[in-house]
């Protein structure tokens, strides 16, 4: 199977039919004898966003058998797909397949044709029976409800656009308030035919110009619990006439040309995956023939091709600039190269055309070990999962090796011409964005500052001395409008220091903020190396005279700094104020959070219960003679 | 029946997950379990891709009645390929 998948992945997409047929046959043979677990990773690997409709449909049929053969997911993400005036069946199938490919256990509900409003407005609808965590409104431009006439005035058009927005906003609000779900709403794909031809975008009442106006209004006004899915960009990307193949609309009310549905489904899933904290975090780059043309060890500084003046050099420069732009918005960059380290660093230090500098790279690994082992080192040093890495390397042998030895790492197959790499990477949507925070742009800096702190540590001798030398100051405050999105983001992304891994949505946290029984706290930390930003979240509920900790998590950027002890002291004070008799904590084990198995024991809690599934429950009595835990963090008042 | 019969049949066998499916000119969508309107789209997309042709809506009838059967699909595809 491994060989079949590899030979399918490693041939160019225009010549892979034969390899795909062999892979299908292999998958079917495994599934036939009940090898559902064995088939699953290969099914995931084959479900590429670039696959054609018919092949994707074949995979979906195999997926259905695999899904039926695997145990029911324990706590699936419940995704409801509500179609506007379009058929969503194939789209829903492909979304389900790509959710599976993204490693997300999901239950999918699909509404009947064009009953989106009934589903949302009728409290007894199938939608509410299903109980969605995410609702996707699969609309197209034909679902616009307030289109202007060509002779309408500007003010009428503005009024219509406001009504259009209000129409959708009311639906979002209803479904969200009823279920606490996140909403994914398509924007409107501009129709390819233009009645006003070249004048279309200048005339306010023309349909094209109206669609653009409404799309902007959706983006400007969507509340935090609504993600606007950029359908119009998908249409433009493939070409509007290709996207809108009218035959299939007339024949079956398809939302777009069938061949475009695969990419459409992948795009929707990437947005959901990002909300669930599954976006990739780190781009790992090879060096020779990946960031520059030629081999630095053989060709030397004078021989490598990079920079303006020749096409090959410009292509490599564009890749560097692309990586640098990603870093600018928070993607971590790392280097993984087979080279002598000093030689590998030379271009970064001495080649003026380099767009990437050493201080852009959070982790630089150049040696002669195999790259799979080096990728593990990189993940370890950055304290992120292997499944957060994307590995970009020109060498097909290295790519195949990494796929084989470190299958958690995403390894895109790249065309030979580096000029085609950026579009190839973009197709995979590895670094999809659920929300943007001011802090994101500094995200990569945190990892670098961390490396600097690591270097200080050994010299200061004792850990206490080191911690004291950091001059840490922390701010603890209830979650509010300005910290809601970052807190939610942390809930989505934290896997290791996370006691219960409950992925509450911003909607649910909003509800907690408004509920007196709930205590919400965020912690922001600064030290002498800089501002680490909002790094910890705690959610607890007063229940029957006990303060029950629903969620306690922390960014791994600040491990072993005493933040948990500091927050514990705050929590204890709070428990006294609330007059509860005890604080209760729960640890729910996952594949990633063994780090905090003894969290409550360390803080002085006593274990009171341990059900079979590995979950442990802990309690700490609230008394007057409790001694606060020692920390080296000073409290900063909320107003600065 | 001609030499295009075999590859079209292969497409159908794949789509219906049925290695023993045998196509005949007289066959209609009603004769085959699972041939609903969605499968119909899947068939058209697969045949178009396999043969590199593009049907007009009028050529791809619903294949549900006499005169509008699999023979009709063969005919449409034969015309397309002849015209290339």
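The values are calculated or read from the model by the stated rules, or taken from the named source; none is laboratory data. Nothing here was measured: the structure is a model prediction, and the numbers come from that model. Here Cβ is always computed from backbone atoms with ideal geometry, including for glycine, and neighbour counts include all displayed protein chains.
General remarks:
- Matching residues, segment A:408-443, being at pLDDT 95 or above and touching a strand residue (DSSP E or B) at 6+ places or on another chain (Cβ under 6 Å): A:409, A:410, A:411, A:430
- Subset of segment A:182-202 [part of a loop (DSSP other than H, G, I, E, B) and in contact with a helix residue (DSSP H, G or I) (Cβ under 6 Å, 6 or more places away or on another chain)]: A:187, A:188, A:189, A:190, A:191, A:192, A:194, A:200, A:201
- Output for segment A:592-607, where each listed residue is touching a helix residue (DSSP H, G or I) at 6+ places or on another chain (Cβ under 8 Å) and farther than 25 Å from residue A:384 by Cβ: A:603, A:607
- Helices (runs of 4 or more DSSP H) completely within segment A:57-152 that count 3 or more residues being surrounded by 22 or more Cβ atoms within 10 Å (Cβ to Cβ) and within 14 Å of chain B (Cβ to nearest Cβ): A:89-101
- Scanning segment B:60-82 for any residue that is closer than 21 Å to residue A:55 by Cα and either within 14 Å of chain A (Cβ to nearest Cβ) or at pLDDT 80 or above (or both) turns up nothing.
- Selection within segment A:219-238 - touching a strand residue (DSSP E or B) at 6+ places or on another chain (Cβ under 7 Å), farther than 13 Å from residue A:139 by Cα and free of Cβ contacts under 8 Å to residues at least 60 places away in the same chain: A:219, A:222, A:226
- Only one of B:30, B:13 that is away from every other protein chain (no Cβ under 14 Å) and in a helix (DSSP H, G or I): B:30
- Scanning segment A:153-177 for residues that are within 26 Å of the chain's Cα centre (by Cα) and surrounded by 16 or more Cβ atoms within 10 Å (Cβ to Cβ) yields a total of 6.
- Residues that are modelled with pLDDT under 85, surrounded by 15 or more Cβ atoms within 10 Å (Cβ to Cβ) and farther than 12 Å from residue A:530 by Cα, drawn from segment A:444-484: A:444, A:457, A:466, A:467, A:469
- Residue A:577 falls short on exactly one of the conditions (1) touching a residue at least 24 places away in the same chain (Cβ under 8 Å); (2) not in a loop (DSSP other than H, G, I, E, B), and that condition is (1).
- Spans of helices (runs of 4 or more DSSP H) in segment A:349-429 with at least 2 residues within 21 Å of the chain's Cα centre (by Cα) and closer than 15 Å to residue A:336 by Cβ: A:371-382
- Residue match in segment A:607-619 (condition: surrounded by 12 or more Cβ atoms within 10 Å (Cβ to Cβ) and farther than 30 Å from residue A:383 by Cβ): yes
- Helices (runs of 4 or more DSSP H) (entirely within segment A:224-321) containing at least 3 residues that are under 16 Å from residue A:86 (Cβ atoms) and more than 14 Å from every other protein chain (Cβ to nearest Cβ): A:231-238, A:261-275
- Per-region count, segment A:359-378, residues touching a strand residue (DSSP E or B) at 6+ places or on another chain (Cβ under 7 Å) and without any contact (Cβ under 8 Å) to a residue 24 or more places away in the chain: 1
- The set of residues in segment A:116-146 that are free of Cβ contacts under 8 Å to residues at least 12 places away in the same chain and farther than 23 Å from residue A:503 by Cα comprises A:118, A:122, A:124, A:125.
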